[in-house]
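Participant: Dropping the structure in here first, questions after.
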Amino acid sequence: MAKAKILVVPPEKTEANAMPAGCSGPGNVRAYVQAEKFPLRCHEIRLAAGEDVTVGPVDGESIGYIWHGDAMAGGHRLPGGSSFVVERGEQLVISGESDRCDILLFAASETPQTARAGGHVHILPSASVPRNNALTPSGVSGGMHADSQCPTCSVWLHENGFPGMQAATPEEQSVAVHSHSEDEIIFVVSGEIRLGRKLYPEGTAIAIAADTLYSFTAGPEGMRFINFRAGLPADIHFANGNTMN
């Protein structure tokens, strides 16, 4: 089956699913992006208070993001906005600490031939995430959960926040059209994202294949998303011929 170039999955289009490969536990699972459709995977795992999910051990790497609620992992309390990385060969038990704890779990669909050594777990509570609330004069903010620089794992996860805006003109949209050299998944954790003329709500995943041109804007009330890639991003290529690292 041919892999999708752009796959847009709003929450109502998700599917009930078994636990992702390498995971075990009683949580409810919704599949956003699956291996047969895209080179990256994204699942939502919902835990009730006192329920546990074990991630790993597997041959690849997984990165998780606490979307709603609170969790405990490795002796650390993880409120919403926290993250964790489970490297190849390792495992981590995550426990729900609130009535509802939603975990977004990302991984590559296949283990790369040049996979790093693994053997570690990284836990990053929300308060420890490096953030910049003034990335641009227009008010875009950012945070870095995993930057692919670890010697034993290669996953990437960053977050961005955007102020609200009305629909862009065709000229404004054309300036923002760009592509990346890597497959990526954008997940809207709050607000709305505009693709073309359509608004998509919180809980929408957008899988974009490498070298695919696209653009987006935030909805009228603003937006925050996280962005997953399996490795270090290269330059951004704009449709007008410009590049940005």
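Participant: Would you mind listing the strands (runs of 3 or more DSSP E) fully within segment 91-145 where at least 2 residues are more than 23 Å from Ile185 (Cα to Cα)?
Facilitator: 92-96
Participant: Inside segment 1-58, can you point out the residues that are hydroxyl-bearing (Ser, Thr, Tyr) and buried (at least 17 other Cβ atoms within 10 Å of the Cβ)?
Facilitator: In the first step, residues of segment 1-58 are kept if they are hydroxyl-bearing (Ser, Thr, Tyr); the result is 14, 24, 32, 54.
Thr14, Tyr32 - these are the residues of segment 1-58 that are hydroxyl-bearing (Ser, Thr, Tyr) and buried (at least 17 other Cβ atoms within 10 Å of the Cβ).
Participant: Taking the condition under 23 Å from Ile66 (Cα atoms), over 16 Å from the mean Cα position of the chain (by Cα) and at pLDDT 95 or above, does His158 pass?
Facilitator: Here the answer is no, as His158 does not meet what is asked.
Participant: Between a residue in segment 104-117 that is without any contact (Cβ under 8 Å) to a residue 24 or more places away in the chain and any residue that is of a type outside the set (D, E, K, R) and assigned to a strand (DSSP E or B), which pairs come within a Cβ distance under 9 Å, given they are 6 or more apart or on different chains?
Facilitator: No pair meets every condition.
Participant: Counting only residues that are within 19 Å of His120 (Cα to Cα) and among the charged types (D, E, K, R), which one in segment 73-98 is surrounded by the most Cβ atoms within 10 Å (Cβ to Cβ)?
Facilitator: Ranking the candidates gives Glu87 first.
Participant: Restricting attention to segment 213-222, and to residues there that are under 18 Å from the mean Cα position of the chain (by Cα) and part of a loop (DSSP other than H, G, I, E, B), which single residue is surrounded by the fewest Cβ atoms within 10 Å (Cβ to Cβ)?
Facilitator: Ser215
Participant: Can you tell me which residues in segment 223-241 are surrounded by fewer than 20 Cβ atoms within 10 Å (Cβ to Cβ), in contact with a strand residue (DSSP E or B) (Cβ under 8 Å, 6 or more places away or on another chain) and not in a strand (DSSP E or B)?
Facilitator: Correct list: Gly231, Leu232, Pro233, Asp235, Ala239.
Participant: Which strands (runs of 3 or more DSSP E) sit wholly inside segment 1-83 and have at least 3 residues that are without any contact (Cβ under 8 Å) to a residue 24 or more places away in the chain?
Facilitator: Ranges flagged: 28-33.
The values are calculated or read from the model by the stated rules, or taken from the named source; none is laboratory data. Just so it is clear, the model here is predicted, and its values are computed rather than measured. Methodologically, a virtual Cβ is constructed for each residue, glycine included, from the backbone with ideal geometry; neighbour enumeration extends over all protein chains shown.
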